[in-house]
1. Rg(Cα) of the stretch 190-262 divided by 2.2 N^0.38 Å?
2. If packing is taken as the average number of other Cβ atoms within 10 Å across a peptide's residues, how do 106-114, 30-38 rank, most packed first?
3. With axes computed from alpha carbons, what is the tilt in degrees of helix 4-13 against the longest principal axis of the chain, rounded to the nearest 10 within 0 to 90?
4. Sort 254-262, 186-194 by the packing proxy (mean of other Cβ within 10 Å over each peptide's residues), most packed first.
5. Would you mind working out the accessible area per residue for the chain, using a 1.4 Å probe, and quoting it in Å²?
6. Hey, what did the chain get for relative contact order, percent, Cα under 8 Å, at least 6 apart?
7. May I ask for the Rg/Rh ratio of the chain, computed from Cα atoms with Rh as the Kirkwood radius, given to two decimals?
8. How much of the accessible area of the chain, probe 1.4 Å, is carbon plus sulfur, in whole percent?
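The values are calculated or read from the model by the stated rules, or taken from the named source; none is laboratory data. Note that the coordinates shown come from a computational prediction; the quantities given were computed from them, not determined experimentally. FYI the Cβ positions are ideal-geometry reconstructions off the backbone, even for glycines, and counts take in every protein chain you see. Surface areas here come from the heavy atoms of the whole protein model, side chains and all, with no ligands, DNA or RNA. Shrake-Rupley method; radii C 1.70, N 1.55, O 1.52, S 1.80 Å.
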Amino acid sequence: MPEGDSVLQLANKLQFMVGREVTHTSLRVPRYATVRFDGATAQRVWPYGKHLFMQFDEHILHTHLKMEGTWSIHYAGDTWRKPGFTARVVLQLAATPRDIELVGHELGMVEAYPADYYHERIAHLGPDILAADWEDVGREEALRRILARPSRSIGAALLDQKNLAGIGNEYRAEACFIAGLHPASPVAAVGERGVERVVDVARKIMWANRFSPVRVTTGVRRAGETGYVFGRNNQRCRRCGTLIVKGTLGGVDAGGDEGELERIIWWCPRCQPR
């Protein structure tokens, strides 16, 4: 499940692009079908929350994996690992002995715009929880945004990318468990200290996993023992032995914000009382 750490790792993997010339472009999205980066040089590749950005001279390619998106890297001419109809972005970069081809399959969002528009396009997002300046700048702003809506559930607030960018459902579940908070508890009931605690926990576990291919929140890397509650419905709590419970939270029909999706939550009734 792509969250901020996944996109950070992807951006790190794509750093080989920097300095290479684009030899072929195909954006298979109607609105941007005529956009070409051919002849431009890749200047920079970076993440912001769950978003990935690539700058080619004075233009930016902005993509989002959503739930199904992937990027494949291979030599131009090699057989693709996924069907061609799933490709949304195809880029070829100059290399020896053959050009390198990047294919973005099933990307949830594709945009292209002048580099000057970058700050405008990310203005709706909260601070990036994996940013290097999080402690100095991002943390206080994220806390302010969450506390500004005391009636909202802490679980919905943590997933709202307008509050802080990068947390997804898995880290939300694990951070709420470690902090001892039921995800459906209102921000007002959690209190300022509770909000600080869960946000700090989320930052800590995401930062610890930022280079790891396997997410670990328990400190145990053995298969099946890496998480506390995420995906563990009806299994024993690793702390108290109580059965983990699964439910849903959020969504427009449940009074959530416009566009908010209903998401599954997991919790321990004893360690995370509501």
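1. On the way: Rg = 15.2 Å, N = 73, 2.2 N^0.38 = 11.2 Å.
My calculation over the Cα atoms of the stretch 190-262 gives 1.36.
2. Working: 106-114: 16.7, 30-38: 12.9.
Ranking the peptides 106-114, 30-38 by packing returns 106-114, 30-38.
3. 30 degrees
4. Numbers: 254-262: 11.8, 186-194: 15.7.
Ranked from most to least packed, the peptides come out as 186-194, 254-262.
5. On the way: 13270 Å² over 274 residues.
I get 48 Å² per residue for this part.
6. Values: 540 pairs, mean separation 40.2, N = 274.
Reported relative contact order: 15 percent.
7. On the way: Rg = 20.2 Å, Rh = 20.0 Å.
Result for the chain is an Rg/Rh of 1.01.
8. Heavy-atom surface of the chain belonging to carbon and sulfur, 1.4 Å probe: 50 percent.
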